[in-house]
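Single-structure report; data block below.
The values are calculated or read from the model by the stated rules, or taken from the named source; none is laboratory data. Keep in mind it's a predicted model, so treat the numbers as computed, not measured. Neighbour counts run over all protein chains shown; Cβ positions are idealised from the backbone, glycine included.
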Amino acid sequence: MNRRHMFQAMFAGAVALCAFTGAASAEALDDILAAKVIRIAVPTDYPPFGSIGTDMQPQGLDIDMARLIGKELGVRTELVAVSSANRIPYLQSKKVDLVISTLGKNPDREKAIDFSAAYAPFFMGVFGVKGAAVTKPEELSGKTVGATRGALEEQELSKIAPSDITIKRYEDNNATVAAYVSGQVDIIAAGNAVAAVIGERNAARAPDLKFIIKNSPCFIGINKDEPKLLAKVNEIIAKARATGESEKMSQTWLKAPLPPGF
C-alpha cells in the first residue's frame, strides 16, 4: 500500500470512528423527540400513586406526572407497568426512558442511575382526626397511637415518642387502618399514601397530618449520562411547582397539600 492509499484508508477509518462516536453519544432526549414518544415506567398496584381505575385505565399521581412530562415534551406518553423489583432493570435495559414509580433515592441506587428533583412527597408521619391537638412528638404524651407492628413508622415513632405514650400495635396495615376508621384510635403512625387511601374511603375520618416522622420523597429515575434529559425533566418539575400543578396532584391523589418546604 502506497502512502496515498494508506492516508485514504486512515482518513476513512477516522470518519467511521467519528460517526460511531457521534451515534454512541446521541442523547435519549434527542431520540425521544425524534420518535415523538416517551416510554415511562409506572406502578399500577400502588394507589394512590398508580392503580387501574374502574374504566380499566391507569390512574394516580405517578400516572399524571408521566402524562405531564409527555405533554410538556410534545410527545406521546407510553405507560409501561412495572413492579418495585423490575422498574430499575427496565430503565437500565432501555425498555423505558424514565421511571416514575414512587422511587426513593439511596446511595446504592445512585451508583446505578440518576435522579431528578423530587416530584412528590412520600413520608411517614403521625396522622389523626382534625380535633387532635398534636404538632410534635412531645404532644403525644399520655395519648394512644395506633401503628403496624414492625413497620418502619412504628420503629421510628418508638424512638421519638415520650415515655408515657401508649402505642397500640396491630399485626398488619389493614388492621391499623380498620382501628382508625372504626374509632378505636384517633391517632396513627402511617405513610402518607395510606392516609390518602383512608381519606378516600372514609371522608368523615380523613386523617390530618400532625407531623412527619421520616421523609423520603419520590424522584424520577433516569439513566446515567443523560444530562439533556435530566435537565429537561427537572425543568418540567420546577414548572409544575411554580404553576401549582404539583399542588393540584397532591390534593387530588394524596388528599393533602404539599408539605411545608417541599
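Things to note:
- Matching residues, the range 106-125, being part of a loop (DSSP other than H, G, I, E, B) and crowded, with 16+ Cβ neighbours inside 10 Å: ILE113, PRO121, PHE122
- Residues that are surrounded by fewer than 14 Cβ atoms within 10 Å (Cβ to Cβ) and either touching a Pro at 6+ places or on another chain (Cβ under 7 Å) or in contact (Cβ under 8 Å) with a residue 24 or more places away in the chain (or both), drawn from the range 148-165: PRO162
- Remark: LYS224 matches the filter, which requires a residue to be outside any strand (DSSP E or B) and modelled with pLDDT of 95 or more.
- Within the span defined as the range 90-97, every residue fails to be part of a strand (DSSP E or B) and in contact with a Lys or Arg (Cβ under 9 Å, 6 or more places away or on another chain).
- Check on ALA179, part of a helix (DSSP H, G or I) and over 22 Å from the mean Cα position of the chain (by Cα): yes
- With respect to the conditions (1) over 30 Å from LEU91 (Cβ atoms); (2) of a type in the set (A, V, I, L, M, F, W, C); (3) in contact with a helix residue (DSSP H, G or I) (Cβ under 8 Å, 6 or more places away or on another chain), ALA203 lacks only one, and its number is (3).
- Residue in the range 70-81 that is crowded, with 17+ Cβ neighbours inside 10 Å, small (Gly, Ala, Ser) and either assigned to a loop (DSSP other than H, G, I, E, B) or in contact with a Gly (Cβ under 9 Å, 6 or more places away or on another chain) (or both) present: no
- Being within 30 Å of LEU230 (Cα to Cα) and touching a residue at least 40 places away in the same chain (Cβ under 8 Å) is a property that does not hold for ALA190.
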